[in-house]
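A short worksheet on the structure shown next.
The values are calculated or read from the model by the stated rules, or taken from the named source; none is laboratory data. Please read all numbers here as calculations on a predicted model, not as lab measurements. So basically every Cβ, Gly included, is an ideal-geometry build from the backbone, and we count neighbours across all protein chains shown.
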C-alpha cells in the first residue's frame, strides 16, 4: 500500500463510472455528492485534489439497449453522457475529470495493460463454458443451482442468465487468492466499512477461479491487441478507467502525482469487482493499490432498491426544480451513515428541509443579520465585554471544528453534519435565552446587545465554513450576507477561527435561504394538506386531528396573549396564502406573517383588532421575520377565520 499521496499532499477520490443504458437517478447522485463533499473538504484542508467520475460505455448491456432503441451504442452513450453532466452541474458537482471509456487514451491504456498481463503470463487463452448475466455483466458462480426451466438466475439482479460457450482469454485470478487475503489482513482500511471487508474476505477464502476477460460474441468493446475477434470484458475495461483517466500511458506527470487513489466510492452491489478483481489486476500489472474502497449502501424506495427495471427510480431533477441542490445534498449525506441503506420518503426529505435548514440554520442567519442591520446599521462597532456564556459559544466552536475535521477524514459525513447542527441549535438557544429583541429596547444594554449579536454572527460564519463541503451554494450566499470576501479559495481549514468575524464587519441584508415547503404543495396532493404549516404561520396542524396534549394552567400562563390592532396589511410577492401585517400591541409595533390571504384581502383587515401570541419565538417566513402569531379557526377546506373583537378595545390589552 502506497502512502505517497500523504507525502505529496494530494487527495484522489473517484466515483464508479456509470452505465449509459439508463439516465442518472438519485442513487447515482448520492455517490457523486459524497465524492464532491469529500473533495471540497480536502481542498479546505489544503490538499491538491483530483476528483474523477465518468461513464462506462462498452459491453453487451449497452449493445443490447442501443439495439432496442434503434440507435448505435455510441449515439446512446452520447445522449446519456450529456444528461449526466447536466445533472452534475445542477447539483454543483465540481469534478476535475469526466472519463468516458470510449475515449482514445482509455482504450489504448486498457490494451497496453492487457498486453502487459498477457506477456507476464497472467492472461492465457482457453474456452469458457458457463452462465453469464447480461444485466450485471457478470459470470455466475458454478455453485448457483439451475432453475426448474434449466437456467440460472443472477443472485444480484434476479434476472435469468444465459448459457455461453466460447473461446476466451482468462485472467489468473486464482493465483492472487493468498495475496488478496494478506492485503485484507494487513490493511483492513482497504475495504470499508468493516462489515463489507468481512464479506469480501469470506468470498475470497471460498476459493477463486480464473476469470474470463474477453468475449467473441460482443462487438461493442475494446478489441484485444493482436486478436481483434475478441473484445475485452467490460469489467476489465471499466475498472482501469481509474488509472487511465489519472494519466496512465498519456500523462505520466499527473499519474505520478495522484495515483494511487485515496478513496474509491462504490455501491455495495459492485464491491466484489472493486475489492477482488481490481486489486488483483493492479497487482498483476505492478501498480500501487488504492488506499480505500468505500462501499456505500443503497437508497431504497418502499424498502426496495431503486432501479429502472423496477420502475421506482427517483428523478433528482424533480427535487432540483423546487429546492435547488443544497437541500438534496444535505438530506442525502445527513440522513444515513455511508455504508447503510436508506429509505427515501418525501415526508422525511421535507422534514429535513423545513426543520434543519429553514427553521434552524436559515432562521438563525436571517434573524441575526436582520437584527444587526436594524439595531446597528449593519456593523457592530463597540460590543460589550465577553461573558462566560459568550466565551462558551467561542470555545465550543473550537472543539466542533476538530471533531468535524475528524469526521470528514473518516468519511463519516452524517456525523459531521450532526455535530454542526447541534452547534447551530446551541447558538439558537443562546439567542433565545438572551432575547436581543428585548435588549434593543433599553439603550443602556446596547453594548451587551452588540456582544450577543456579534457572537451569533461569528458562530454563523464558523458553522457555514464547516458546512461548505455539503452545501456550497447556500454557504456562498451566507458569506455574501456576512461580507466574507475570501471564501474557500482564500481560507484553509486551519485558518478557520471564531475570531475572524470581529467588530466593524459590515453585514448585508439577508434573504431567505430555505423557504419552507408543504408536502401537498410539492406533490400536488390535497390529501397531504395536514403536513402543511398552519394558516397563521405557527406550529404544524393536522386536519381532523382529535388527539390533544393536556397542559397545566401554569404552562398556559406562559403564553403572552394580547389584543393587537392591524395597522397595515400587504401581500407577499410570489405567495398566495400569506399576508404581511404591521400590528400595534400597545407597547410597540411589530410585523407578522399570517396565512390568511385565501380568506381576507389586505384592505378588509386594516383597523381590525384580534388576539395574538406575543412571546412566541420569532420565525422567518418567505424572508420576513414574523414577531407574533394570530389565533384563527380552521375551516374544513383549510382556510383561516379570525375571531375579531366586536367592540372597541385598547391595543395591548391582556387576554386570559
- [ ] Considering only segment 127-152, state which residues are assigned to a strand (DSSP E or B) and either buried (at least 18 other Cβ atoms within 10 Å of the Cβ) or touching a helix residue (DSSP H, G or I) at 6+ places or on another chain (Cβ under 9 Å) (or both).
- [x] 128, 131, 132, 133, 138, 139
TODO: Quick one: in segment 95-114, of everything that is in contact with a strand residue (DSSP E or B) (Cβ under 7 Å, 6 or more places away or on another chain) and in a loop (DSSP other than H, G, I, E, B), which residue is farthest from residue 286 (Cα to Cα)?
DONE: 95
TODO: Select from segment 584-622 the residues that are surrounded by fewer than 18 Cβ atoms within 10 Å (Cβ to Cβ) and in contact with a helix residue (DSSP H, G or I) (Cβ under 8 Å, 6 or more places away or on another chain) and list them in ascending order.
DONE: 617
Open item on the list: Of the conditions (1) at pLDDT below 90; (2) surrounded by 12 or more Cβ atoms within 10 Å (Cβ to Cβ), residue 494 satisfies every one except a single condition; which number is it?
Closed with: (2)
Task: Only one of 191, 243, 224 that is touching a strand residue (DSSP E or B) at 6+ places or on another chain (Cβ under 6 Å), under 27 Å from residue 291 (Cβ atoms) and surrounded by 19 or more Cβ atoms within 10 Å (Cβ to Cβ) - done: 191
Task: Selection count, segment 331-345, where residues are in a helix (DSSP H, G or I) and under 24 Å from residue 292 (Cβ atoms) - done: 4
TODO: Could you tell me whether residue 378 is touching a residue at least 40 places away in the same chain (Cβ under 8 Å) and outside the structural domain of residue 292 (by TED's automatic domain parsing)?
DONE: yes
Open item on the list: Filter segment 559-585 down to the residues that are in a loop (DSSP other than H, G, I, E, B) and under 12 Å from residue 628 (Cβ atoms) and list them by number.
Closed with: 559, 560, 585
TODO: Tell me which of these residue 117 doesn't satisfy, since it passes every other one: (1) in contact with a helix residue (DSSP H, G or I) (Cβ under 7 Å, 6 or more places away or on another chain); (2) more than 21 Å from residue 23 (Cα to Cα); (3) in a loop (DSSP other than H, G, I, E, B).
DONE: (3)
- [ ] Considering every residue within segment 509-524, establish whether at least one is farther than 25 Å from residue 91 by Cβ, over 24 Å from the mean Cα position of the chain (by Cα) and at pLDDT below 85.
- [x] no
Task: Residue identified as out of contact with any helix residue (DSSP H, G or I) (no Cβ under 6 Å at 6 or more places or on another chain), assigned by TED's automatic domain parsing to the domain that holds residue 62 and surrounded by fewer than 21 Cβ atoms within 10 Å (Cβ to Cβ) among 238, 175, 161, 201 - done: 175
Open item on the list: Given (1) at pLDDT 65 or above; (2) surrounded by fewer than 18 Cβ atoms within 10 Å (Cβ to Cβ), identify the lone condition not met by residue 486.
Closed with: (1)
- [ ] Please state which of the following conditions residue 437 fails to meet, knowing it meets all the rest: (1) assigned by TED's automatic domain parsing to the domain that holds residue 450; (2) more than 15 Å from the chain's Cα centre (by Cα); (3) under 17 Å from residue 469 (Cβ atoms).
- [x] (3)
Open item on the list: Need a quick list: helices (runs of 4 or more DSSP H) entirely within segment 187-306 having at least 1 residues that are within 26 Å of the chain's Cα centre (by Cα).
Closed with: 194-205, 234-239, 241-244, 252-258
Open item on the list: Name the residue that is farthest from residue 470 (Cα to Cα), counting only residues in segment 79-94 that are touching a strand residue (DSSP E or B) at 6+ places or on another chain (Cβ under 9 Å) and part of a helix (DSSP H, G or I).
Closed with: 80
